[in-house]
Number of protein chains: 2
Amino acid sequence: MKLTIMNLRASYLILFLFGFGTVFGQEIKSPNGEMQLAFSLDAAGAPTYQLNFKNKHVIKSSRLGFDLKNDSTDLIQGFQIINSSESTFDETWTPVWGEESEIRNHHQELLVELMHQASKRKMNIRFRLFDTGLGFRYEFPVQENMGHFVITEELSQFAMTGDHTAFWIPGDYDTQEYDYTESKLSEIRGLMETAITPNASQTPFSETGVQTSLMMKSTDGLYINIHEAALIDYPAMHVELDDRAMVFQSHLTPDAQGDKGYLLTPAQTPWRTVIVGEKAGDILASRITYNLNEPSKIEDTSWIKPMKYVGVWWEMITGQSSWSYTDELKAVKLGVTDFSTVKPNGRHGATTENVKKHIDFAAEHGFDGVLVEGWNIGWEDWFGNSKDYVFDFVTPYPDFDLDGITAYAKEKGVQMIMHHETSSSVRNYERHLDQAYQLMKDYGYPAVKSGYVGDMLPRGEYHYSQWLVNHYQYAVEKAAEYHIMVNAHEAVRPTGVARTWPNLIANESARGTEYQAFGGNKANHVTILPFTRQIGGPMDYTPGVFEMDVFNGSHVNSTLANQLALYVTMYSPLQMAADYPENYMRFPDAFQFIKDVALDWEKSLYLEAEPGYYLTVARKAKDTGEWFVGNVNGFEGRTGEVKFDFLDADKTYLAEIYSDTADAHYKTNPQAYEIRRVAVDANSVLKQFSAPGGGYAIRIREASKEDLKGVKKLK
Amino acid sequence: MKLTIMNLRASYLILFLFGFGTVFGQEIKSPNGEMQLAFSLDAAGAPTYQLNFKNKHVIKSSRLGFDLKNDSTDLIQGFQIINSSESTFDETWTPVWGEESEIRNHHQELLVELMHQASKRKMNIRFRLFDTGLGFRYEFPVQENMGHFVITEELSQFAMTGDHTAFWIPGDYDTQEYDYTESKLSEIRGLMETAITPNASQTPFSETGVQTSLMMKSTDGLYINIHEAALIDYPAMHVELDDRAMVFQSHLTPDAQGDKGYLLTPAQTPWRTVIVGEKAGDILASRITYNLNEPSKIEDTSWIKPMKYVGVWWEMITGQSSWSYTDELKAVKLGVTDFSTVKPNGRHGATTENVKKHIDFAAEHGFDGVLVEGWNIGWEDWFGNSKDYVFDFVTPYPDFDLDGITAYAKEKGVQMIMHHETSSSVRNYERHLDQAYQLMKDYGYPAVKSGYVGDMLPRGEYHYSQWLVNHYQYAVEKAAEYHIMVNAHEAVRPTGVARTWPNLIANESARGTEYQAFGGNKANHVTILPFTRQIGGPMDYTPGVFEMDVFNGSHVNSTLANQLALYVTMYSPLQMAADYPENYMRFPDAFQFIKDVALDWEKSLYLEAEPGYYLTVARKAKDTGEWFVGNVNGFEGRTGEVKFDFLDADKTYLAEIYSDTADAHYKTNPQAYEIRRVAVDANSVLKQFSAPGGGYAIRIREASKEDLKGVKKLK
C-alpha cells in the first residue's frame, strides 16, 4: 500500500481559463489530467462548479447550496471564499470482498472554505477528482454561528450539456423496484406515468424526478453516471430535472413532516458523484463510490465470507407454497395467538421436512448456505395492516424445528441463513434486534436477509428518509457486533458503505428476480442494473431460474443461459441459486456452472458494454485463478466478441461455454442452451451469439495438453 | 383473599323501569344497590348507557361506538344484542405499595355482546359497576369479519345532567402541565385561551377539549370524576364537550397522520371510568382505577421499595446551577465531541463534590436515595433541536466520578437514583435502554427518573398517542426485567397500570413543583391534584420547598406548612425533599416532619375534602402504625376540623402539629409556621387554622403517660 498526500495551500484566488469562459475560481485536474474541475463563486456569491473530461463539458456551470428551515439566510448565495487548498491522495487498499483484490484510490482534492457573509456561517465544499470522475460533498465545521440546522432542500445542481439518453426509474421515496426506461431526458416527463408501475409501498414525487444511480449517454459519446457515496444519517438523494434547461437538482427524501435532514456540526453530506467515461465499461470499472467511503471500521473481518446459497423462497414467490402457516387467522397477536391449536393450511413452505430437503441439496452440490423464509410466526397478517408488533424474529412455527434443523445443517456442513422480514415496522425490529441476532449467534447463522416490505412504521416516514437511512445503518453496525452479515432488501440503495461495513454483504434495493414471478422484468433489465443499482454495491438479485414458466403463470423474461451469465455480470459476494432443486436436476449440465462459478474476484474486466443492450464481463477468481466470463443481452439477438487476451500468454486453457442456441428466445424458447468445451489461449477470439434476453457464461481454467485431448481449439 | 365469581346468563332482553323512561335493555346494580347502570340499544340500534346514583342521574343516556378508518360501516349504530350476561366479583387484593394495605374489588359486571348487523362484526361492551362508580370498555373478540382495524375516533359519550362545576386543564396531545381552572362547563370555551399557558411541547386541539381525570361537582351535590383505567397500547383519551347539550365525547390522541388507534383482535380498549360520590372524599377513597387494572405481572416484588430522596435538581430548576457542563458548544456530537478539552462553565450541578455533599446529607437525615440530574453528557444542546442521538445514558461528564460516587454512596448506606432525560427522542432511548438499565444494575441504582421534555421524535408524534403510550409501557416492562423502578416524567398520565407493573413507582404527568420556579402554581393547585392527576396513580410532585423566593426570582405559592402537608396529601411511594440541604438546615424543626413521615400506608382516610379549597387526609403507616395527617388549603384562610376518632379508643397519642401561624400567607409570609406537641385520643377534636395557600401536617404516635408528661391534652 502506498500513500502520498501532498498539501498545496492555495489561499488566493487564481484567474484561469476554463472551457469557453473566464471566471475567477479554482481549478484542479485529475491525476492523469483528463478530468478537470473548476469551482467559482458567481456574481451573486453563489458557489458553482463545472466538470470537463478531455476538454468536453460534462457538467456545465452548476450551483451548490442549501435551503434551510426557519432560517432567514439560506446557504445559497452571498458567500466569500476564505481559503482553498489542494492535495493529492494515492493509496491502494484491499477490500474484504469484491470485484478486485486491490483498489487504487488516486485523486486530486480541492477543499474550498466558504463564509456566508450575511450569517457568518462556514460551509466547506470538498471536491475529489479521479481519472474516472468527481466526488464532492458539503462540510459544516464546528463554528460559532451554526450548531443544529434543518435542511429544507439540498440545492446541488448537475447541469447537463444536452438532451442525453438516460436509463432511469421514477424518483420515489419508498421503492426502487421499477423497470428501467430508456429515453431522452426531454422524454422523461411524458413517460413518467407509464414508468410508475405498482408496488407494495410507493411515493413518487415529481414528473421529472428520477433515482440515482442515474446512467446517461451523451450524443457526443460520453457515458455519465450520477449517484452518491457514503450515505450515512442523511436522506437519500433523488435528482429532479428541469427539462427546459436540462439541469438536474438534488431532491432529498423528506421525513413525515416534509423536512429533509436534521444535522449538527461537525456535519458532512454524502458525496455526490459524477462518473464519466468514453466507454460504458469505464463506468463499471470506476471505483469512485467505494473510494469515497471510509475504510473498514471492522478490524477482524475473518468472519465475513462470501456465500452461495439455495433457499425456501422461490416457491413462495411463485405462489406454490406460503410463508404463513395457517389461513384461519384474521390477525395474529404474538404471545397470545396459540399456533398449536390452529389448522395448518398445508401449503407452508418452511417445514422441517422441506428445509432438510434443501439442506441435503445444498450439501450435495456444494452450496454454503440455505435461506428459509416464513419460518417465524406472524406471516398470516404481516402485510398491509400497519402492524406494529408483527414479528418477534425468534419464535418458529410449530412445523419448523429450529433445533433439529440447526443440528441437521451442521451435520451436513451447511450454514443456515436467517430471515428477518420487518414489514417496515422498524421500531419493533430495533426492539428485537439484540435477541434476534443473539438467536442467530446461538444457532450459528452467519448471515441474515432482512426485509422492509410495505409502508413504514413510524407511520408517515419513508423508506429513504434520514430516519430510515439511520436505521439500516444501525442494524448493520449492530450486526457487526454479533459477527453477522446483512443482506437487506427494500432498504435504501447502497452507496459504497460496504467498504466501511463489509458485513453489509448485499442489498436488494432494486427490481430483483422476484418480479419475474410478478409479471416479469424487461428482458434487458440485467444489462442496465450494473450501471445503476450496482454502482453502490452488490445486489442480491437471486438469479438461477431454470424454469421460466412459474406456478402462478408468470413468465421469467430470460433464457437459461442468461440466468447463468448473471453469476458473473451481477457481482455479489452473496449469490443465490433461486430455483427449485427439482428444476436444477432437470438440467444438471447447466447447473454445473452455478456450482462452479466463483464468488470473489482478483480482477474484473468489462469487455463489452452498452447499457440496455449488452454487457460482457470477465472475472478472475481470487482463490483458484480460474476465469469466468458472463454476457447478458437485451431485446435483440446479437453476436458479440470475446478476446481472450486477458489470459496468460504462455498457457492453454479449457473453456466451458454455456450459451443460447440459435433459436433461443427469452419469451418463446428460453431453455434452449448448449454447452461446448473448447481450448483457448491468449490469442483466441470467441464470436458468440446471444439470443434476445439471452447470454452466455464461460468457465476457463488452466489445462494441460493431456486435459485438452479431444477438445477442439477455438480459433 | 376471598374470591367469588357468579355467572348469571341473561341472554334475553328484559323490560325494566329506569329513571324516568321505559327502555328495552339491561340493568345492573352495584353491590350495595346504590349505583345503577342501564344499557340499551336505541331505535337506530346504537348502544347507549345511563348511570344513576341513589336514583339521581349521573350520566344521562349516552352513546357508545367507533368511527373506523377506511370502513364503510362504522360501529355506531345498527347493532343487535346477541347475548348478555351478568356476574358478581368480589376479591380483596394486596398492593405492593399504596394508600391501603388491602383493596377490595367488589363489582357487578354486565357483558353485552353485540353484533353489527350490516358488517357482521362483533363488539362487546363490558360494564363493571362498583359502589363508587362505573367502568366500561369495548372488546373485539377474534372473529371472522374483523382482524386489524384503525380507529378514526372513539365515540364514547358522557352526557352530563347539567352545567356542572369542573376542575379542568386544556385538552392537549403533548402536555399535562397546566394549572387547573375551576369553572362551569359552559364557561370552558371562554376560558380556554387563558388556560393554555406556555409549555416546552404543547398541542391543544379544541376550545372545549379537556383532559381526564376530570373532576366535577353537580348542583345537586354529586362529585363526578371521569378518567380511564388500564391505558395499554391505545391512545390516551381526552373528552370534548358539546357545551349546548352538555355532553362529553371521547377524543383520542392522534398519531402523526391523524389516526387514533391501530388495533387487532382480540382487542380491548382501556376502561372508561365514572367515579361518583356525595362527598368529594368518596372520589379519593374509590379504588376503581386500580381494580380495573390487571393484577401484578411481576412475581417477585421484593425489590420494589418506597423511597424518600433528595437530589441535585432544584438548583438547576431555579437557575442556580446548570445541567450542562460547558457553555462553549453549539452542538454536541456524542462519540465525537471531546469534553475533556472544553472549558467548564463553572456552574455545573452534577459535580462529584456536590453529589457527595448530598449523599452526606441524605445519610445524616435518613433519606433512602439521591437523585442527580445533568450527570451524563449531552445537556448542552438537548432541548429544542429535535436531536436524535441526544444522550447515551451511560457517559458521565468529566466532573462526575461515577465509580467514586457509587462507592461513596454505598459506604454511606445511600442509594443513587438514576436520571434518564430522553428529550423525547424515544427511538434513541429504546436503542440505549438495555445498556442504560444494565449500567444501573452494575452500579446499584434501584430507580430511574425518566423524562420526555420537548417535541417528540419520531417527529410529528404526540406524547399521548398510541405509539408513545406503547413506548412508556415498554420502558416500564423492560425496567422490570432489570428490577428497576421507574418514575417517568412527562409520560402519559397514569391510569392505574402500577397495579400490574408496580415498578412504575411514580409519574409526574401534571404540573409539578418545578413550575413554582417557573412563575408559580396556583395556591390551590395541590387541593385539586389528588382529585385529578392522582386518580391514576402516585405523582412525583417533589414537595418540600422551604425557601419560597428562589434564585431566579420566582415565588413558590405555598406556605412552608403546606409543603409539609404534601407528604401526606399527595400520595406517592417515592417522595422527594426538593429543597437545598442549606434551606432545610435553616428550619431543622420543620425538616423533622419530612424525616419522620412515612411512605407506605395501611389505611387512608379523607377527612375533609373540597377540590380547589381544602383537603385533609389521615394515613396510618404500614410498618410503625403511626398516623400522619395532612391538610392543604386553597386561596382563602380556613379553620378546619380533625376528629381523631380514627385512633384506637383505648390509647393515648402524642401529636406533633406543624401548622401555619395566624399571619402566614403563601405570598407574603410563607415561612410563618409553628410546631405544637399535644396529647390526643380518639375523642379529641382539633380545630386548626390554615393560611391562604397553607396547611398543616401532623405526626401522631402512641405514647405512654410518661412520654406525655408536660404535654398538654388537646380538648
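Amide H to amide H, with H built 1.01 Å from N, B:His251 comes under 5 Å of B:His238, B:Val239, B:Glu240, counting only residues 5 or more places away or on other chains. Of the whole protein surface, B:Met246 contributes about 20 Å² of accessible area at a 1.4 Å probe radius. List, in the order given, every pair from B:Lys333/B:Lys387; A:Lys297/A:Lys410; A:Lys279/A:Lys622; B:Lys54/B:Lys279; A:Lys308/A:Lys667 whose Cα-Cα distance in the structure shown is over 19 Å. With Cα atoms farther than 19 Å apart: A:Lys297/A:Lys410; A:Lys279/A:Lys622; A:Lys308/A:Lys667. Sorting A:Ile81, A:Ile188 by accessible area puts them as A:Ile81, A:Ile188; the probe is 1.4 Å, largest comes first, and only protein heavy atoms count. Placing a label point 7 Å from Cα along the Cα-to-Cβ direction at B:Asp403 gives distances to the equivalent points in the other copies of 4.3 nm, listed shortest first. Determine the dipole magnitude for the protein assembly as shown: charges of +1 sit on the beta-carbon of Lys and Arg, -1 on that of Asp and Glu, nothing else is charged, the reference point is the Cα centre, and the result goes in debye to the nearest 20. In debye, rounded to 20, the protein assembly as shown gives about 0. Taken over chain A, the alpha-carbon convex hull comes to 157 cubic angstrom per residue. If both residues of a DSSP beta bridge must be in segment A:293-473, then about 10% of such bridges are antiparallel.
Sequentially through segment A:665-677, phi angles give Karplus couplings (6.51, -1.76, 1.60; θ = phi - 60°) of 7, 4, 8, 9, 8, x, 8, 8, 10, 9, 10, 10, 10 Hz, Gly and Pro residues having no value and appearing as x. A label point on A:Glu702, set 7 Å along the Cα-to-Cβ line, lies at 9.9 nm from each of its counterparts in the other copies, closest listed first. Taken residue by residue and averaged, Cβ atoms of other chains lying within 10 Å of the Cβ of B:249-257 number 2.
According to the square roots a ≥ b ≥ c of the eigenvalues of the Cα gyration tensor, what is the shape class of segment A:5-291, taking rounded for a/c under 1.5, prolate for a/b larger than b/c otherwise, and oblate for the remainder? Rounded, because the longest to shortest axis ratio a/c is under 1.5. When the convex hull of its Cα atoms is viewed from all sides, segment A:312-389 shows a mean projected area of 6.0 nm². Between B:Phe646 and B:Asp589, the C-beta separation translates, for a Förster distance of 25 Å, into a calculated FRET efficiency of about 0.45. Taken over segment A:15-147, the percentage of Cα pairs per 10 Å bin, counting from 0 up to the bin with the maximum distance, is 12, 38, 30, 16, 4, 0. Annotation: amide H of A:Asn83 within the under-5 Å range of A:Glu113, sequence separation 5 or more or interchain, hydrogens built in the peptide plane. Remark: mean inter-chain Cβ contacts per residue of B:392-403 equal 0, using a 10 Å Cβ-Cβ cutoff to other protein chain atoms. For B:Glu27, the residues 5 or more places off, or on other chains, whose built amide H falls under 5 Å of its own are B:Phe39. What's the buried accessible area, both sides, between B and A using a 1.4 Å probe, rounded to 100 Å²? Using a 1.4 Å probe on protein heavy atoms, the buried area is about 3200 Å².
Highest mean packing first, where packing is the average number of other Cβ atoms within 10 Å per residue, the peptides A:222-228, B:285-291, B:219-225 line up as A:222-228, B:285-291, B:219-225. The residues of the protein assembly as shown expose on average 34 square angstrom of accessible surface per residue, using a 1.4 Å probe on protein heavy atoms. Derived scalar couplings between HN and Hα for segment A:232-240 equal 10, 6, 7, x, 5, 9, 9, 10, 10 Hz in order, rounded to whole Hz, by the Karplus curve 6.51 cos²θ - 1.76 cosθ + 1.60 (θ = phi - 60°), x for Gly and Pro. Here is how far apart the A:Gln143 label points are across copies: 6.2 nm, shortest first, using a point 7 Å from Cα toward Cβ.
The protection proxy used here, the mean number of other Cβ atoms lying within 10 Å of each residue, ranks peptides B:378-390, A:526-538 as follows, highest first: A:526-538, B:378-390.
Here each label is just a point 7 Å from Cα along the line to Cβ, and for A:Ala285 and B:Asp300 those points are 6.8 nm apart. Remark: mean inter-chain Cβ contacts per residue of A:470-477 equal 1, using a 10 Å Cβ-Cβ cutoff to other protein chain atoms. Remark: spin-label model distance A:Gln438-A:Glu702 equals 5.0 nm, labels positioned 7 Å along the Cα→Cβ axis.
The alpha carbons of segment A:293-473 occupy a box of 52, 47, 29 Å along the principal axes, longest dimension given first. Per atom type, chain B shows carbon and sulfur on 48% of its accessible surface, probed at 1.4 Å.
Across segment B:66-83, coupling constants 3J(HN,Hα) worked out from phi with the 6.51/-1.76/1.60 Karplus curve, θ = phi - 60°, read 9, 9, 9, 7, 6, 9, 6, 10, 5, 8, 10, 9, x, 8, 10, 7, 9, 6 Hz, and Gly and Pro carry x.
Entry for the protein assembly as shown at q = 0.06, 0.08 Å⁻¹: log10 I(q)/I(0) = -0.66, -1.05, Debye formula applied to identical alpha-carbon scatterers, no solvent contribution. Quick check: Cα centre of segment A:433-477 to Cα centre of segment A:654-711, how many Å? If you average the Cα positions of each part, the centres end up 41 Å apart.
For the rotational copy relationship between A and B, the axis lies nearest to a chain A beta carbon, identified with its distance in whole angstrom as A:Pro458, 2.
The values are calculated or read from the model by the stated rules, or taken from the named source; none is laboratory data. None of these values were measured; they are calculated from a predicted model. Backbone-built Cβ (ideal geometry, glycine too); neighbour counts: all protein chains shown. All accessible areas refer to the heavy atoms of the entire protein, side chains included, with ligands and DNA or RNA removed. Shrake-Rupley method; radii C 1.70, N 1.55, O 1.52, S 1.80 Å.
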